[in-house]
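*Asks:* Encoded as structure tokens, here's the structure I'll be asking about.
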Amino acid sequence: MSRTGLKKRDDQRGFTLFELVIVVFIVTLFLGLVSVPIGGFMAGGDLGRATRMIMSEVSRLRGEAAYTREPQALILNIAENSFYPYEFREEKKLEDLLKETEQVSSRKQQLPPGVYLEDVVVLSKGKDQEGEAFIRFFSNGCVEHSLIHLRNNANEAYTLEIQPMTGFIRVHEGYLEKKIER
């Protein structure tokens, strides 16, 4: 004991070099994980998100057509960079058409900012570069063989190829050309 009657304490305040290195490593790791998704978005448009949105709608429409035995269609509006489902019915009345217009606006999905539809190729019909293109889903579960070309502001392109028998979508980096079957 010291003269004042208090024990001498060996209290050292601060951090060791090892603790600082661990904290810097964890912060760097966290920033690296967060910046990867932001980087894709900031690069000119999130093509991955746009691809997932379209793939989800294609899968849903194909399943609905097979389940209900009613043909369906995916309408792609090239000018507005949007898409929406359409159900074919043989007997349509005027009231049904008016209700349909309201339903379309509520079911329309917009592509992410910076991503746009370059064109849509339905191999049995040809290439649509403006207006609206549609891809049919038949009641037996088949789909029209189609290519959907997406591009972002950074001039990166994806081609979504819809397989006719399975509805499976192959994603190709870049703009894929296919011969149009006639």
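The values are calculated or read from the model by the stated rules, or taken from the named source; none is laboratory data. Since we're looking at a predicted model, the values are computed, not measured. Counting neighbours? That spans all protein chains shown, and the Cβs are built from the backbone with ideal geometry, glycine included. When the accessible area is computed, the model is the full protein with side chains, heavy atoms only, and any ligands, DNA or RNA have been set aside. Shrake-Rupley method; radii C 1.70, N 1.55, O 1.52, S 1.80 Å.
*Asks:* Please go through (1) more than 22 Å from SER146 (Cα to Cα); (2) at pLDDT 90 or above for LEU97 and return the number of the only condition it doesn't satisfy.
*Replies:* If we test LEU97 against (1) more than 22 Å from SER146 (Cα to Cα); (2) at pLDDT 90 or above, just (2) comes out false.
*Asks:* Inspect all residues belonging to region 121-137 and state whether any of them is hydroxyl-bearing (Ser, Thr, Tyr) and free of Cβ contacts under 8 Å to residues at least 12 places away in the same chain.
*Replies:* no
*Asks:* From the residues in region 129-152 that are closer than 9 Å to ASP119 by Cα and part of a loop (DSSP other than H, G, I, E, B), which one is least open to solvent (accessible area, probe 1.4 Å)?
*Replies:* GLN129
*Asks:* Among the candidates ARG182, ARG170, which residue alone is at pLDDT 90 or above, over 22 Å from ARG69 (Cβ atoms) and of a type in the set (Lys, Arg)?
*Replies:* After applying the criteria, what remains is ARG170.
*Asks:* Then there's this: Modelled with pLDDT of 90 or more, part of a helix (DSSP H, G or I) and within 30 Å of ASN153 (Cα to Cα): which single residue out of VAL120, VAL58, VAL36 fits that description?
*Replies:* VAL58
*Asks:* Name every residue in region 134-143 that is at pLDDT 90 or above and under 18 Å from ILE78 (Cα atoms), in order of residue number.
*Replies:* Within region 134-143, ILE135, ARG136 qualify.
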